[in-house]
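The values are calculated or read from the model by the stated rules, or taken from the named source; none is laboratory data. Here the structure is a predicted model, which means the values were calculated and not measured. Heads up, the Cβs are rebuilt from the backbone with ideal geometry, glycines too, and the neighbour counts pull from every protein chain shown.
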Amino acid sequence: MQIVRTPGSARAISRTLKRPVGFVPTMGALHAGHLALVARAREENASVVASIFVNPLQFGPGEDFEKYPRAFARDVELLEAHGVDLLYAPGVERMYPADFASAVSVGPLGDRFEGARRPGHFAGVATIVAKLLHAIEPSSLYLGQKDVQQTAVLRAMVRDLDMATNIVVAPTVREPSGLALSSRNVYLSSAQRQAAPSLYRALQAVADAVERGESCTERALAVGRPLLEAPLAWDYLALVDPVTFVQSETIERPAVVIGVAFAGATRLLDNVPVPTPAGIDPILTPARPRAHPAGPRGSR
Ligand code: AMP
C-alpha cells in the first residue's frame, strides 16, 4: 500500500491504478464499519483507495475535533491487511492553507436535522469530499448508511455538480446488541453503553409500525419514543423522506426513521430505512456481482 500526503501525489498515483477505482473516505480510528466499506470496494473494483483525514471544517466550535480518536499506525495496518492499494492521508495545513476560501454550498437539505444541530457541518463534509474526489478521481465513492443524511447531501452534490463518480451506500455495521459501530463509541460510560442499543430498538419499532400500515407520522413516532432507555435522552426522532429529509404529517413510503440520542455530551446517531411496499430499500445500493475477479487482488 502506498501512502501519499498531497493532492498532487494522490492524483498522480491514483491515475496509475487499474480501473475501476473504489474510494473509501474516513476520519480514521477504523472499526469494522469502515472495513466493511473497504471490503465492498475491494469486491467491486480493480483498485481501492482509502483516505484518512479528520476534517476540521465539519466540526463546530466546542465539538470534539481535538479529542477525536486518532490511531494512524493501527489504521495503516488494517487498510493494508484489507487490500487497499493507496492511502491518501493529507495534513490539515496542506488541505486548508491560511488563504483557503472556497466551499461547497449544500442548500436546505444541509440545514435540516443534523445540519440544524451542527451549523456548517454538511458544507464542511461536502467541501472535503469534493476535494478528495478531485484528488482521487474514483469510479465509485463508498459511503456508510450509518450517516444517512450525509449520503443524501453527497448524492445531491455529485448530481448537481456533474461529478463523474458513482455512489455506493453500504449497510450499517452493528454490534450484536444492535448498537451501530462508531469511532465515538469509545466516549461512552458503561451505563451509557448499556442503554445505547435501545436507540436502534426505538428506530426499528417506528419502522415496524410503518411497515404494519401506520400512516400517521406522529403515531408511528409515539411507538418508538418511550423505548429509549436512561441515561440516554432524545435529541430528535423523525420519519423523513430519504431524499429531502422533510417530515410530513402523513407517511409516504419510502421513508427513513432517523434518530439521535444524547449520551451525556456524546450524540449517538442511527437510522432505519422503511422500504417501499414492493420491498425496495431507499438508501442501500444493491451489491454488484463480482465484476473484476481478474484485478491485481482478485484472488483474495
Ligand atoms: P467516518 O470515519 O466516521 O467519517 O466514517 C467514514 C465512513 O464510514 C462514512 O461513509 C460512514 O458513514 C461510514 N461508517 C461509519 N460507521 C459505520 C458503520 N457502523 N457501518 C457502516 N459504515 C459506517
query: If you check LEU143, LEU154, LEU132, which single one turns out to be within 13 Å of the ligand (Cβ to nearest atom), under 17 Å from ASN55 (Cα atoms), touching a strand residue (DSSP E or B) at 6+ places or on another chain (Cβ under 7 Å) and in a strand (DSSP E or B)?
result: LEU143
- prompt: Based on what the data block shows, is ALA73 in a helix (DSSP H, G or I) and free of Cβ contacts under 8 Å to residues at least 60 places away in the same chain?
  reply: yes
message: For segment 89-99, check the following and say yes or no: at least one residue is part of a loop (DSSP other than H, G, I, E, B), within 24 Å of SER14 (Cα to Cα) and without any contact (Cβ under 8 Å) to a residue 12 or more places away in the chain.
response: yes
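Could you tell me whether VAL148 is touching a residue at least 60 places away in the same chain (Cβ under 8 Å) and within 20 Å of LEU239 (Cα to Cα)?
Working: touching a residue at least 60 places away in the same chain (Cβ under 8 Å): yes; within 20 Å of LEU239 (Cα to Cα): yes.
Yes: the conditions hold for VAL148.
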- request: Considering only residues that are under 20 Å from the mean Cα position of the chain (by Cα) and aromatic (Phe, Trp, Tyr), look in segment 66-109 and name the one that is surrounded by the most Cβ atoms within 10 Å (Cβ to Cβ).
  value: TYR88
message: Show the residue pairs meeting these rules: Cβ distance below 6 Å; 6+ apart or different chains; first residue within segment 169-185 and under 25 Å from GLU63 (Cα atoms) and assigned to a strand (DSSP E or B); second residue of a type in the set (Lys, Arg) and more than 6 Å from the ligand (Cβ to nearest atom).
response: ALA180/ARG174
query: Of all residues in segment 241-260, which are outside any loop (DSSP other than H, G, I, E, B), under 23 Å from ARG118 (Cα atoms) and not hydrophobic (A, V, I, L, M, F, W, C)?
result: GLY259
query: Among the listed residues ALA255, ALA278, which satisfies the condition of being of a type outside the set (D, E, K, R), surrounded by 16 or more Cβ atoms within 10 Å (Cβ to Cβ) and over 17 Å from the mean Cα position of the chain (by Cα)?
result: ALA255
- prompt: Are there any strands (runs of 3 or more DSSP E) wholly within segment 1-63 with 1 or more residues that are within 11 Å of the ligand (Cβ to nearest atom), and if so which?
  reply: 21-26, 47-52
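Looking at segment 203-217, which of its residues are among the aliphatic types (A, V, I, L, M) and within 16 Å of the ligand (Cβ to nearest atom)? So that I can check it myself, show each step before the final result.
Let us first name the residues in segment 203-217 that are among the aliphatic types (A, V, I, L, M), namely 203, 205-207, 209-210.
LEU203, the sole residue that qualifies.
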query: Here are some conditions: (1) within 21 Å of GLN149 (Cα to Cα); (2) crowded, with 18+ Cβ neighbours inside 10 Å; (3) among the hydrophobic types (A, V, I, L, M, F, W, C). ALA209 meets all but one. Which one does it not meet?
result: (1)
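Among the residues of segment 75-103, write down those that are of a type outside the set (A, V, I, L, M, F, W, C) and either under 24 Å from VAL125 (Cβ atoms) or at pLDDT below 95 (or both).
Taking segment 75-103 first, the residues of a type outside the set (A, V, I, L, M, F, W, C) are 75, 77, 80, 82-83, 85, 88, 90-91, 93-94, 96-97, 99, 102.
Across segment 75-103, the qualifying residues are ASP75, HIS82, TYR88, PRO90, GLY91, GLU93, ARG94, TYR96, PRO97, ASP99, SER102.
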- request: Would you mind stating whether LEU239 is within 19 Å of the chain's Cα centre (by Cα), of a type outside the set (Lys, Arg) and within 16 Å of the ligand (Cβ to nearest atom)?
  value: no
message: Go through (1) without any contact (Cβ under 8 Å) to a residue 60 or more places away in the chain; (2) of a type outside the set (Phe, Trp, Tyr); (3) outside any loop (DSSP other than H, G, I, E, B) for ALA238 and report which single condition fails.
response: (1)
message: For segment 165-202, which positions are away from the ligand (no atom under 14 Å from the Cβ) and within 18 Å of LEU228 (Cβ to Cβ)?
response: LEU188, SER189, SER190, ALA191, GLN192, ARG193, GLN194, ALA195, SER198, ARG201, ALA202
task: Go through segment 266-285 and give me each residue that's part of a loop (DSSP other than H, G, I, E, B) and either modelled with pLDDT of 95 or more or touching a strand residue (DSSP E or B) at 6+ places or on another chain (Cβ under 8 Å) (or both).
output: ASP281, PRO282, ILE283, LEU284, THR285
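Might you check whether a residue that is closer than 24 Å to LEU86 by Cα, part of a helix (DSSP H, G or I) and of a type in the set (A, V, I, L, M, F, W, C) occurs anywhere in segment 193-204? Working first, answer last.
Restricting attention to segment 193-204, the residues satisfying the condition of being closer than 24 Å to LEU86 by Cα are none.
Checked segment 193-204: no residue is closer than 24 Å to LEU86 by Cα, part of a helix (DSSP H, G or I) and of a type in the set (A, V, I, L, M, F, W, C).
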